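Colleague: This is the structure, below, for whatever I ask next.
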Amino acid sequence: AAGLIGIAESVWARGGVVAAVCHGPAILPHVIDRATGKSIIDGKTVTGFTDAGEVELNVMDAIKELDLVPISSGAKAAGATYKEPAGPFDDYTITDGRLVTGTNPASAHSTAAKTVEAFEQL
């Protein structure tokens, strides 16, 4: 993930749009804004694969056993507001400035479309 984090930090530092969908937002707490020294999601509203989805897919126990952090917890710890759809597999995307996040594979198209819209507003 270090390579992806570096790419995201570089894009952010150059004023670009950073987008992630499904489990991709797991890296966002570690993407540091070079200007502030804080995560790029600090003070932002984000989404990502839900805890309910992890439970429904029977992987939450493995996440805990491996001492991994669910996306919702990582986002909150980095100072973000985490929001999720009514259903864990609903199409759901959030744009907060130059940051675009989607919840799951069903959100891939809407996340891509919102990313293009955010880029067009630069």
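The values are calculated or read from the model by the stated rules, or taken from the named source; none is laboratory data. Keep in mind that what you see is a predicted model, and the values were worked out from it rather than measured. Backbone-built Cβ (ideal geometry, glycine too); neighbour counts: all protein chains shown. These accessible areas exclude ligands, DNA and RNA; they are computed on the full protein's heavy atoms, side chains included. Shrake-Rupley method; radii C 1.70, N 1.55, O 1.52, S 1.80 Å.
Colleague: Find out how many positive minus negative residues lie around Gly16, taking Lys and Arg as positive, Asp and Glu as negative, among other residues whose Cβ is under 12 Å from that of Gly16.
Modeller: Net charge in that neighbourhood comes out at +1.
Colleague: Separate question: Helix 108-120 against the longest principal axis of the chain: what's the angle in degrees, Cα atoms only, rounded to the nearest 10?
Modeller: 20
Colleague: May I ask you to derive the relative contact order of the chain, considering only C-alpha pairs under 8 Å and at least 6 residues apart, and to give it as an integer percent?
Modeller: Result for the chain is 30 percent.
Colleague: In square nanometres, what is the average projected area of the Cα convex hull of the range 1-61?
Modeller: 4.7
Colleague: Report, largest value first, the span of the C-alpha coordinates of the chain along each principal axis, in whole Å.
Modeller: 39, 28, 24
Colleague: By per-residue mean of other Cβ atoms within 10 Å, what is the highest-first order of 16-25, 84-93?
Modeller: 16-25, 84-93
Colleague: Then there's this: Out of the total accessible area of the chain (probe 1.4 Å, heavy atoms of protein only), what percent is carbon and sulfur?
Modeller: C and S atoms contribute 56 percent here.
Colleague: Still on this structure, please answer the following. Using just the helices of the chain, give the 222 nm mean residue ellipticity in deg cm²/dmol: DSSP H runs with n ≥ 4 each add -39,500 (n - 2.57), and the total is spread over all residues, rounded to 500.
Modeller: Calculated at 222 nm, the ellipticity per residue is -10000 deg cm²/dmol.
Colleague: Please pull out the direction-averaged projected area of the range 64-122, using the convex hull of its alpha-carbon atoms, in nm² to one decimal place.
Modeller: Convex hull of Cα atoms, orientation-averaged projection: 4.9 nm².
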